[in-house]
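The values are calculated or read from the model by the stated rules, or taken from the named source; none is laboratory data. What you see is a predicted model; the values in this text were computed from it and never measured. Reconstructed Cβ throughout: ideal geometry from the backbone, glycine too, with neighbour counts over all protein chains shown. Accessible surface is based on the protein model in full, side chains and every heavy atom, while ligands, DNA and RNA are left aside. Shrake-Rupley method; radii C 1.70, N 1.55, O 1.52, S 1.80 Å.
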Amino acid sequence: MSARLNYAVAAPGAIKAQYGVHLYLEGCGLPMTLQELVFLRVSQINGCAYCLDMHAKALRKDGEGQQRLDAVAGWREAHGLFSARERAALAWAEALTLVAETRQVADAIYDEVKAQFGDRELVDLTLAICSINSWNRLAVGFARGPEPDEQSRKAAAA
Amino acid sequence: MSTRLDWAAAAPGARKAQYGVHLYLESCGLPKALVLLIDLRVSQINGCAFCLDMHANGLREAGESQQRLDCLAGWREAHGLFSVREQAALAWAEALTRVADMRQVPDAIYAAAKAQFSDRELADLTLAICSINSWNRLAVGFGKAPVPDAESERAAAA
């Protein structure tokens, strides 16, 4: 539910255009679990509850372990939970998401991710990071929050 | 020129998907000059020199005054240079671009933008903000910088 305007209703063409990026990402060959992990981490940074709810559910549905979901916000300290490839992708995602603060992406972060991904994979991963940053801005900008489930509703009302 | 990999060559499909958003924005009816002003301001925040060069040139070609370009980064203090509608769009663009810092967009900024734009225009404007944030991340992430012109080259070598 959204406390502001419903952007998908207001501008269906805009959503269709952004959805084109999503469709490309689904078919590009980059493992969806990796993409979903990145979506979750970027949504944590941007504080997008709607996307957090959606992507945590998607990861669980794909069989992702709850421990990794619980620890992804602290992946740097979660030794043995994430592969070198995932860690490189998460560092790249964080750096790009925080670009307004840092205004550059350090060579060391680029080198690390370049060593783990092919050129095309790396661009696809980068587009995935751009894409979730866009969805986060749409949802946060238009105050689109997750639908509280039964348990959440009870807890929030207590 | 790019100091890292040429992302458009490495993943043409990724570029095409993101370009689909650009094509939508070109035809959605939002004034081109407004979108370019937003592109320029967001690129200033993200420190994307490639996009700054491109969009400043684009604005000048479209007949934008140099004074407005010079003062854009300080638009809040540039009384009489930007319309109320432009100011509302700029504040909305800044808030969305900095969402990783603030993790929300204040109601006052939303209300000011909502008062100046129709629902569809506001959703389109938001997609434009998401789009330039994506191009910025692609350019900064892959170290894509503007080609120095003769004057810049001489000054940098002095």
Margin query: Consider segment A:53-68. How many of its residues are open to solvent by 40 Å² or more (accessible area, probe 1.4 Å), assigned to a helix (DSSP H, G or I) and over 22 Å from A:ASN6 (Cα atoms)?
Written below: 6
Item checked: Single residue of segment A:99-119 satisfying the filter (surrounded by 14 or more Cβ atoms within 10 Å (Cβ to Cβ) and touching a residue at least 12 places away in the same chain (Cβ under 8 Å)) that is farthest from A:LEU30 (Cα to Cα) -> A:VAL105
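This table checks each residue for (1) under 24 Å from B:GLU26 (Cβ atoms); (2) of a type in the set (A, V, I, L, M, F, W, C).
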| position | (1), (2) |
| --- | --- |
| B:ARG68 | yes, no |
| B:HIS79 | no, no |
| B:PRO106 | no, no |
| B:GLN116 | yes, no |
| B:ALA128 | yes, yes |
| B:ARG137 | yes, no |
| B:PRO146 | yes, no |
Checklist line | Residues satisfying the stated conditions in segment B:1-33, i.e. free of Cβ contacts under 8 Å to residues at least 12 places away in the same chain and hydrophobic (A, V, I, L, M, F, W, C) | finding: B:ALA8, B:ALA9, B:ALA10, B:ALA11, B:ALA14, B:ALA17, B:LEU23
Note to self: Quick check on this structure: which one of A:VAL72, A:VAL105, A:VAL123, A:VAL113 is within 7 Å of chain B (Cβ to nearest Cβ) and in a helix (DSSP H, G or I)?
What the structure shows: A:VAL123
Notebook entry, point to check: Given (1) more than 9 Å from chain A (Cβ to nearest Cβ); (2) surrounded by fewer than 21 Cβ atoms within 10 Å (Cβ to Cβ); (3) among the hydrophobic types (A, V, I, L, M, F, W, C), where does B:ALA89 come up short, assuming only one miss?
Noted result: (2)
Check: Which condition number in (1) closer than 18 Å to A:LEU25 by Cβ; (2) surrounded by fewer than 23 Cβ atoms within 10 Å (Cβ to Cβ); (3) free of Cβ contacts under 8 Å to residues at least 24 places away in the same chain is the one that B:ASN57 fails?
Finding: (1)
Check: Can you name the residue in segment B:69-80 that is under 18 Å from the mean Cα position of the chain (by Cα) and more than 15 Å from B:VAL42 (Cβ to Cβ) and, of all such residues, is surrounded by the fewest Cβ atoms within 10 Å (Cβ to Cβ)?
Finding: B:GLY74
Notebook entry, point to check: Any idea which of (1) assigned to a helix (DSSP H, G or I); (2) touching a residue at least 60 places away in the same chain (Cβ under 8 Å) is the one B:GLN67 doesn't satisfy?
Noted result: (2)
Next item on the list: Of all residues in segment B:102-158, count the ones that are within 8 Å of another protein chain (Cβ to nearest Cβ), assigned to a helix (DSSP H, G or I) and among the basic types (Lys, Arg).
Entry: 3
Next item on the list: Give the number of residues within segment A:123-158 that are of a type outside the set (D, E, K, R) and within 22 Å of B:ARG137 (Cβ to Cβ).
Entry: 18
Checklist line | Qualifying position, being surrounded by fewer than 23 Cβ atoms within 10 Å (Cβ to Cβ), of a type outside the set (A, V, I, L, M, F, W, C) and within 8 Å of chain B (Cβ to nearest Cβ), among A:TYR19, A:TYR7, A:TYR24, A:TYR50 | finding: A:TYR24
Check: Can you name the residue in segment A:34-47 that is aliphatic (A, V, I, L, M) and closer than 15 Å to A:ALA139 by Cβ and is also surrounded by the fewest Cβ atoms within 10 Å (Cβ to Cβ) among such residues?
Finding: A:ILE45
Check: Got at least one residue in segment A:138-158 being among the basic types (Lys, Arg), more than 18 Å from the chain's Cα centre (by Cα), under 26 Å from B:ARG103 (Cα atoms) and open to solvent by 60 Å² or more (accessible area, probe 1.4 Å)?
Finding: yes
Check: What are the residues in segment B:102-144 that are among the polar types (S, T, N, Q) and surrounded by 17 or more Cβ atoms within 10 Å (Cβ to Cβ), if any?
Finding: B:GLN116, B:THR126, B:SER131, B:ASN133, B:SER134, B:ASN136
